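For reference, the structure is listed below as structure tokens.
Here, each number is a calculation from the coordinates, and none is a lab measurement. Everything numeric here is computed off the predicted structure, so don't read it as measured data. Neighbour counts run over all protein chains shown; Cβ positions are idealised from the backbone, glycine included.
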Number of protein chains: 6
Amino acid sequence: PEESLIRIDRPGIATGLAWTPAGGDVLQVEAAAMPAAEERLILTGQLGDVMRESVQAALTWVRSNAAKLGIDPGFFEHKAVHVHVPAGAVPKDGPSAGITMATALVSLASGRPVRSDVAMTGEITLHGRVLPVGGIKEKVLAAHRAGIRTVILPKENERDTEDVPEEARKDLRFVFVTDAEEVMREALG
Amino acid sequence: PEESLIRIDRPGIATGLAWTPAGGDVLQVEAAAMPAAEERLILTGQLGDVMRESVQAALTWVRSNAAKLGIDPGFFEHKAVHVHVPAGAVPKDGPSAGITMATALVSLASGRPVRSDVAMTGEITLHGRVLPVGGIKEKVLAAHRAGIRTVILPKENERDTEDVPEEARKDLRFVFVTDAEEVMREALG
Amino acid sequence: PEESLIRIDRPGIATGLAWTPAGGDVLQVEAAAMPAAEERLILTGQLGDVMRESVQAALTWVRSNAAKLGIDPGFFEHKAVHVHVPAGAVPKDGPSAGITMATALVSLASGRPVRSDVAMTGEITLHGRVLPVGGIKEKVLAAHRAGIRTVILPKENERDTEDVPEEARKDLRFVFVTDAEEVMREALG
Amino acid sequence: PEESLIRIDRPGIATGLAWTPAGGDVLQVEAAAMPAAEERLILTGQLGDVMRESVQAALTWVRSNAAKLGIDPGFFEHKAVHVHVPAGAVPKDGPSAGITMATALVSLASGRPVRSDVAMTGEITLHGRVLPVGGIKEKVLAAHRAGIRTVILPKENERDTEDVPEEARKDLRFVFVTDAEEVMREALG
Amino acid sequence: PEESLIRIDRPGIATGLAWTPAGGDVLQVEAAAMPAAEERLILTGQLGDVMRESVQAALTWVRSNAAKLGIDPGFFEHKAVHVHVPAGAVPKDGPSAGITMATALVSLASGRPVRSDVAMTGEITLHGRVLPVGGIKEKVLAAHRAGIRTVILPKENERDTEDVPEEARKDLRFVFVTDAEEVMREALG
Amino acid sequence: PEESLIRIDRPGIATGLAWTPAGGDVLQVEAAAMPAAEERLILTGQLGDVMRESVQAALTWVRSNAAKLGIDPGFFEHKAVHVHVPAGAVPKDGPSAGITMATALVSLASGRPVRSDVAMTGEITLHGRVLPVGGIKEKVLAAHRAGIRTVILPKENERDTEDVPEEARKDLRFVFVTDAEEVMREALG
Ligand SMILES: [Ca+2]
Ligand SMILES: [Ca+2]
Ligand SMILES: [Ca+2]
Ligand SMILES: [Ca+2]
Ligand SMILES: [Ca+2]
Ligand SMILES: [Ca+2]
Ligand SMILES: [Ca+2]
Ligand SMILES: [Ca+2]
Ligand SMILES: [Ca+2]
Ligand SMILES: [Ca+2]
Ligand SMILES: [Ca+2]
Ligand SMILES: [Ca+2]
């Protein structure tokens, strides 16, 4: 069951929501860092090219806003950053995990774990704008099945939550955002 | 609506005009920089090879004309420069975002935000010549829909503005340029 | 016979279980390290892209948990790490050798040989969670044929061991795990 | 009109002649250089592999003959050299721009602009030999249309100029060369 | 005739046995090393990916067992190692040259030439185990034709030598091995 | 005419013989070197993978036999070595230019020009053995047409010269070699 996935007991993990042909699903983004002579970004979990670019954009946003985010601006220097999305054999793609990637990275760098009852979806741009994504209904239902209490969504997807059945909506709190900083305040609360 | 795209509140963002099979569109180019042991250029947003080369040309023009542009000649050294064009999953190509790329980079390096009411299109060469591009009518109409007031275009496209309906033309100011320095003076005013 | 494979007389070797179209099989993961100006990971044995990512995830888990695992945090710095899975001409893929990779690497770094009578299968995530895998029945039978006494499996695969014939089960001890640290305690005992 | 292309007002630009299925054309090669930790050659303008190799050969000839060419032997060290051939979206290939590439690079390194009324075509070898190329008639006519006065050609193409109509020939001066040093003396005069 | 191949008069050459569609063949593996800022492995002779990985495994085994093999542990540091297998235009693949690669590398590093009358075949693993290979009969006959006196084979291939005609067997000495160290003792005797 | 190719007036050029579907041809191999932070080998002239490997083998032979060849062992360190084979647009492949590559490199490093009246063909191995090649008759005829006086060939190709018409043979001196050092003595005489 999904519940086994969403216990978060250490920094560097964030819970995202994915759309698959079989419906919505909960996925966890894991980030770690190691000392390295050459800075580089290691991406695993069979990530497609759009998702790989999405991690790059998230990382640049985190690095170029370190001060504002309360993290050490030098944290990512001389480090190899590794982002993994289990399950390892399942291909994944698309930009909608952008804010989840950013959250996992800020959690890692700040040492603050993400709240276990929070899940999210949304594209991130280099300057932290949060852009709308698809599959909101299916994603929210997956979050509900997994016992999530707070779902962070792009402001431009607000109307899409009207399609979510009342049964799920009554158990959930929605937070609509236009900027990735709002995501951090909510998720790392 | 497009308006949500064109608020510019920080350096490193410039508004371009794109031609798509569905008509003209407004796009924003985002640039950021991070300290890096190895200088490199990170390009995201599903950019095709012509557009990737276009960013390279824009960056070289900026770097080799730093003094004239009033930016620190050392700004780009020991840095990773990241240029992203949302939306992340939409493929983009062609040379016509060249001057927009250059503007985002000069804005980033100078710390001066680009004027929010300015949009532009035009190919850039390594020495800053501005070459003509296609789709002028559709691009100008997209700028108009987005509330843009000033549109910067290549001098060699001047005649193409005659095809723009009077309704749009009366709300817009056109600036025709042959050299990228003129773009900077207008956009970073 | 498989027995020739499973004598382990030095650090850096761990015994995994693989599923092949022809049934289960025992395989050995070999790890070695050399001084290197540039840190890098060399992967040989015709490993597919999912398995290659799996070694990356295992290595990052080991490196970012060095202290907890009782190994020198600097062991992997300035080293080329080489992981090989014989036989060299047989293509291999999938995430299920993840904990075996991690075990070989921890054994290498700690200088403690893996117990010869232990075999294992299970996906590893960047933070050491152990995820379920397929082919449990065939893999356990292969372990039995090879004279293995202890089989380490993901907790979420516990029910799959019910399909293993009693004849094999009575000779084997099963250890079910959710975290890779439990694997290390058992295998490097 | 082509005339807009051939004003040359700074070092690093040289005018070449290209053959296209639609006839001859004038093209400009632009070269620039930037400080760089790692020396590298950046090639843009949708250059095919033969043309890319041609730039490499031109650059090596320039670098290994710096003293003889009156340029600083250290000019290209610790630099990224960028060669661009507009228009950015038009694929280009073949070895015939070799001497034009060399001329743009020597102009860049010496700070001496190329003469605006000179155009050229010819393959270059690593040791500066100038080899014959095709499409002489069409290229010369394009030069004539563009207002060029001096056309530099490989000595082995001398007989091909007989095919050029008298009307064009009477306005042009031909310089036939076997060695790239002769090109420099003529173009950078 | 093959005899011309098997005179070995300097360190870094070892004689292997290959199976081809046309029968067995003798091949020589050549190794050399050069000072290099970046350590790397250069592989030439149209080697397929399995054979390339095989050289990597052999090199790691040699490097991580340098002391035991009586070679300078620093020999391979700051060096480019080049392994070539003539003839240059003939594609070659498979893991069976593993111990031949290891022997050429140990010979190179130790300065001790390989015995000219010794040939060998066998896969090597990262920890020096010698695994069985195919084509034993054809390979042994090729060795015999080439005037070889001692043939080193994997222990697990011992039974395959029964297929070798008595006429060849009576001229040959077979050495069966399970570990690459035994190969070195025999070949570098 | 071919004669224009074979004047050699500086170090780093050697004359080879090629077989093409249209018959034999004379080609010139050009080598140059430049200071470089990272050692590397630049290969141009549309060289196929076998010919590229052939240059690598030649370079390693030269570097690891520098002392014996009377060249500075440090000549190739901290240098980019560039080997070019005109004409730039003609694809070339095969191992038969190996000794020509080696000769151009030794000429470059020693500063001694190759004799203009010498041409050669033959595969080289990493340890300088010279292996036989094809197309001897056509290659020798091409050398004769080009005014070559001395043709260096692999010893194992000696019998193939019987197919060369007496008319050509009477004007030529053949030198048959088994080792690349003999080539150097003849060509750099
Ligand atoms: Ca799931
Ligand atoms: Ca894709
Ligand atoms: Ca839009
Ligand atoms: Ca393209
Ligand atoms: Ca087996
Ligand atoms: Ca795959
Ligand atoms: Ca034109
Ligand atoms: Ca091509
Ligand atoms: Ca043979
Ligand atoms: Ca293969
Ligand atoms: Ca010719
Ligand atoms: Ca090939």
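The charge dipole of the stretch B:101-162, taken about the Cα centre with unit charges on the Cβ atoms of Lys, Arg (+1) and Asp, Glu (-1), comes to about 200 debye, rounded to the nearest 20.
Under a model in which nothing but the beta-carbon of Lys, Arg (+1) and Asp, Glu (-1) is charged, the protein assembly as shown shows a dipole of about 1980 debye around its Cα centre.
Considering only E:Ala102, E:Gly70, E:Ala22, and ranking their Cα positions along the charge dipole of chain E that arises from unit charges at the beta-carbon of Lys, Arg, Asp and Glu, the one farthest toward the positive end is E:Gly70.
Within the straight-line cut-off of under 14 Å between alpha carbons, the aspartates and glutamates reachable from C:Lys79 are A:Glu38, C:Glu38, C:Glu39, E:Glu38, E:Glu39, E:Glu77, sequence neighbours fewer than 8 places apart in one chain being disregarded.
Two decimals is fine: what is log10 I(q)/I(0) at q = 0.16, 0.20, 0.25 Å⁻¹ for the stretch F:16-59, from a Debye sum with one equal scatterer on every Cα and no solvent? The computed values of log10 I(q)/I(0) come out as -0.55, -0.80, -1.10.
Averaging 1/r across all pairs of distinct Cα atoms in the stretch A:35-189 and inverting the result yields a Kirkwood radius of 16.0 Å. Here the chain B residue lying nearest the rotation axis onto A, judged by its C-beta and given with the distance in whole angstrom, is B:Glu38, 7. Reachable lysines from D:Lys139, Cα under 16 Å, same-chain residues fewer than 8 places away excluded? Here the lysines satisfying the reach criterion relative to D:Lys139 are D:Lys92, D:Lys155, D:Lys170. Give me the percent of Cα-Cα pairs in the protein assembly as shown that sit more than 55 Å apart, rounded to a whole number. Percentage above 55 Å: 29.
A helix-only calculation puts chain D at -8500 deg cm²/dmol for mean residue ellipticity at 222 nm, using -39500 (n - 2.57) for each DSSP H run of at least four residues, averaged over all residues. Only the Cβ atoms of Lys and Arg (+1) and of Asp and Glu (-1) were treated as charged; on that basis the dipole of chain B about its Cα centre amounts to roughly 360 debye.
Each DSSP beta bridge with both residues in the stretch D:1-131 is either parallel or antiparallel, and the antiparallel ones are about 70%. In nanometers and ordered shortest first, the copy-to-copy spacing of the C:Gly48 label point, defined 7 Å from Cα toward Cβ, is 1.9, 1.9, 3.3, 3.3, 3.9. Neighbour counts of other Cβ atoms within 10 Å put F:Ile71, C:Ile8 in the fewest-to-most order C:Ile8, F:Ile71. Restricting the trypsin sites (Lys or Arg not before Pro) of the stretch E:105-184 to loop positions (DSSP other than H, G, I, E, B) with no more than 11 neighbouring Cβ atoms within 10 Å leaves E:Lys170. In the stretch C:12-90, Rg over Rh equals 1.00, where Rg is the alpha-carbon radius of gyration and Rh the Kirkwood radius from pairwise Cα distances.
Taking every DSSP bridge with both residues inside the protein assembly as shown, close to 55 percent are antiparallel. Averaging the Cα positions of each part gives two centres, and for the stretch D:138-185 and the stretch D:58-73 these lie 25 Å apart. Across the identical copies, the 7 Å label point of C:Val175, projected outward along Cα→Cβ, sits 4.0, 4.0, 7.0, 7.0, 8.1 nm from its counterparts, in ascending order. What separates the E:Ala37 label point from its copies, with the point 7 Å along Cα to Cβ, is 0.7, 0.7, 1.3, 1.3, 1.5 nm, written shortest first. Selection among C:Leu141, E:Ala87, D:Leu188 by position relative to the dipole of the protein assembly as shown gives D:Leu188 as farthest towards the positive end (Cβ unit charges, Cα centre). Its residue count N fixes a reference of 2.2 N^0.38 Å for the stretch D:68-152, and the Cα radius of gyration divided by that reference is 1.19. Neighbour counting of Cβ atoms within 10 Å sorts the residues C:Asp93, F:Asp49, F:Asp9, fewest neighbours leading, into F:Asp9, F:Asp49, C:Asp93. Among the DSSP beta bridges whose two residues both lie in the stretch B:70-188, what percent are antiparallel, rounded to the nearest 5? Antiparallel bridges make up about 25 percent of those DSSP assigns within the stretch B:70-188.
Relative contact order of chain C: 27 percent, from C-alpha pairs under 8 Å at least 6 residues apart in sequence.
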